[in-house]
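Undergrad: Submitted below is the structure of interest, expressed as structure tokens.
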Amino acid sequence: MSEILDFVIVSMVLVAIGIYGLVVKRNAIRMLFSIEIIANAANLLLVAFSRGLPNAQGQVVALFSIAIAAAEVAVGLAIIVVIFRARRRLSVDDLSLMRW
Amino acid sequence: MADPIFIAVAVLTVGTAIIALEARELIYGAISLAISMLGIAGFFLLLDAPFVAMFQIAVYVGAIAVLIIFAVMLVRTQALFTTKEDKKRKAAGIALMLIIMSSLGALFLASGLSGQFGQFNTSPPIDFTEIGELMLTYYAPALIILGLTLAGSVIAALALARRESITGQEEGEEEEAEQQRHERDS
């Protein structure tokens with residue numbers, strides 16, 4: 001059987017992949033993918049330590065986190081679709097309207 | 001050290017996460033992201049948390065992935081292919097990823113996680129009646145705020161979509177005016 005460290009390492013790899021995506025990709029939807037990957041890694045850590053302690057509160061917080069992620073994706077995709085309708089492109093380099 | 005099921009799920013999750021970011025077509029990336037989320041649900045099952053795993057499948061795979069796929073279909077595909085990716089930026093991103101992985105990995109391997117604390121198979125798994133009890137007693141205010149947040153996000157998404165249709169009409173009128181101008185010029 002596996003131990004906590006294995007789950008921690010998988011979570012760390014997922015966070016690194018997500019940060020790579022956030023840094024390199026310029027497509028708004030792909031950056032949303034990266035954010036989702038990082039959020040999933042955080043949930044994995046929460047549940048892993050909840051199992052290891054053992055303490056049920058980690059799983060409760062993970063459930064809250066999943067529900068909040070659903071709300072975040074709904075608003076994020078609405079914003080992306082609105083930006084696409086207005087600008088006809090999705091590269092975040094072009095979205096400099098609110099940059100000082 | 002780790003059992004084969006864990007390694008299989010880990011390879012599936014990490015591999016599909018990479019494919020989600022690197023797939024040429026965005027729709028394949030979205031499907032790959034859904035599989036990656038399924039892999040995370042598999043981890044939750046391995047951690048004796050079936051309730052969280054079912055919630056993950058219902059919300060992430062059932063709702064979020066489908067929402068993303070719909071958004072990708074709504075966005076014109078031509079805009080998705082024109083991704084100007086800097087070679088230098090990509091190299092810098094990979095370097096940053098490796099630095100984060102190696103430094104965090106060294107940190108975790110040096111910590112006491114692999115010792116006595118990390119062996120969790122002796123303790124009994126958490127019963128999910130305990131989760132329900134916690135949610136309705138200690139975390140009840142958070143649950144109410146969560147419900148309000150979800151309602152607010154749904155209303156916000158609806159408001160954005162509605163305003164977008166109004167501006168869409170205005171854009172259509174502008175396009176007609178531009179066409180008329182072009183016809184006049186020619």
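The values are calculated or read from the model by the stated rules, or taken from the named source; none is laboratory data. Note that the coordinates shown come from a computational prediction; the quantities given were computed from them, not determined experimentally. Cβ coordinates were reconstructed from backbone atoms using ideal geometry, including for glycine residues, and neighbour counts include every protein chain displayed.
Undergrad: Could you list, in sequence order, all residues of the stretch A:8-42 that are more than 7 Å from chain B (Cβ to nearest Cβ), among the aliphatic types (A, V, I, L, M) and touching a Phe, Trp or Tyr at 6+ places or on another chain (Cβ under 9 Å)?
TA: Answer for the stretch A:8-42, where residues must be more than 7 Å from chain B (Cβ to nearest Cβ), among the aliphatic types (A, V, I, L, M) and touching a Phe, Trp or Tyr at 6+ places or on another chain (Cβ under 9 Å): just A:Ala28.
Undergrad: Where residues in the stretch A:83-92 are buried (at least 17 other Cβ atoms within 10 Å of the Cβ) and under 21 Å from the mean Cα position of the chain (by Cα), which of them is farthest from the other protein chains (Cβ to nearest Cβ)?
TA: Only one residue tops the list, namely A:Ile83.
Undergrad: Now, a different point. List every residue pair whose Cβ atoms sit under 9 Å apart, with the two residues 6 or more apart in sequence or on different chains, where the first one lies in the stretch A:68-92 and is within 15 Å of B:Ser153 (Cα to Cα) and the second, anywhere, is of a type in the set (Phe, Trp, Tyr) and surrounded by 19 or more Cβ atoms within 10 Å (Cβ to Cβ).
TA: Sorted first by the residue in the stretch A:68-92, then by its partner, the pairs are A:Ala69/B:Tyr60; A:Ala70/B:Tyr60.
Undergrad: Could you pull out the residue among A:Ser96, A:Ser50, A:Ser91 that is hydroxyl-bearing (Ser, Thr, Tyr) and within 30 Å of B:Asp127 (Cα to Cα)?
TA: Working: A:Ser96 fails: within 30 Å of B:Asp127 (Cα to Cα); A:Ser91 fails: within 30 Å of B:Asp127 (Cα to Cα).
Sole residue among the options that is hydroxyl-bearing (Ser, Thr, Tyr) and within 30 Å of B:Asp127 (Cα to Cα): A:Ser50.
Undergrad: Only one of A:Ser11, A:Ser50 is crowded, with 19+ Cβ neighbours inside 10 Å, touching a residue at least 24 places away in the same chain (Cβ under 8 Å), more than 30 Å from A:Arg88 (Cβ to Cβ) and in contact with a helix residue (DSSP H, G or I) (Cβ under 9 Å, 6 or more places away or on another chain). Can you tell me which? Please lay out each step first, then the result.
TA: Values: A:Ser50 fails: touching a residue at least 24 places away in the same chain (Cβ under 8 Å).
Result of the check over A:Ser11, A:Ser50: A:Ser11.
Undergrad: I need the full set of residues from the stretch A:1-48 which are of a type in the set (D, E, K, R) and part of a helix (DSSP H, G or I), in order please.
TA: Looking only at the stretch A:1-48, we keep the residues that are of a type in the set (D, E, K, R), and these are A:3, A:6, A:25-26, A:30, A:36.
Passing the criteria: A:Asp6, A:Arg30, A:Glu36.
Undergrad: So is B:Ile7 in the same structural domain as B:Phe70 (by TED's automatic domain parsing), touching a Phe, Trp or Tyr at 6+ places or on another chain (Cβ under 9 Å) and surrounded by fewer than 20 Cβ atoms within 10 Å (Cβ to Cβ) or not? Break it down stepwise before answering.
TA: On the way: in the same structural domain as B:Phe70 (by TED's automatic domain parsing): yes; touching a Phe, Trp or Tyr at 6+ places or on another chain (Cβ under 9 Å): no; surrounded by fewer than 20 Cβ atoms within 10 Å (Cβ to Cβ): yes.
So B:Ile7 does not fit the description; no.
Undergrad: Now, a different point. Does A:Ala56 count as at pLDDT 90 or above and either under 30 Å from B:Glu133 (Cα atoms) or in contact with a Cys (Cβ under 6 Å, 6 or more places away or on another chain) (or both)?
TA: Details: at pLDDT 90 or above: no; either under 30 Å from B:Glu133 (Cα atoms) or in contact with a Cys (Cβ under 6 Å, 6 or more places away or on another chain) (or both): yes.
No; evaluated as a whole, the condition is false for this residue.
Undergrad: Looking at A:Leu45, is it more than 7 Å from chain B (Cβ to nearest Cβ), under 19 Å from the mean Cα position of the chain (by Cα) and crowded, with 18+ Cβ neighbours inside 10 Å?
TA: On the way: more than 7 Å from chain B (Cβ to nearest Cβ): yes; under 19 Å from the mean Cα position of the chain (by Cα): yes; crowded, with 18+ Cβ neighbours inside 10 Å: yes.
In short, yes.
Undergrad: If you don't mind, there's one more thing I want to ask. Quick check on B:Ala65: is it part of a helix (DSSP H, G or I), within 17 Å of B:Leu21 (Cβ to Cβ) and modelled with pLDDT of 80 or more? Spell out the reasoning first.
TA: Details: part of a helix (DSSP H, G or I): yes; within 17 Å of B:Leu21 (Cβ to Cβ): yes; modelled with pLDDT of 80 or more: yes.
Spelling it out, B:Ala65 is indeed part of a helix (DSSP H, G or I), within 17 Å of B:Leu21 (Cβ to Cβ) and modelled with pLDDT of 80 or more.
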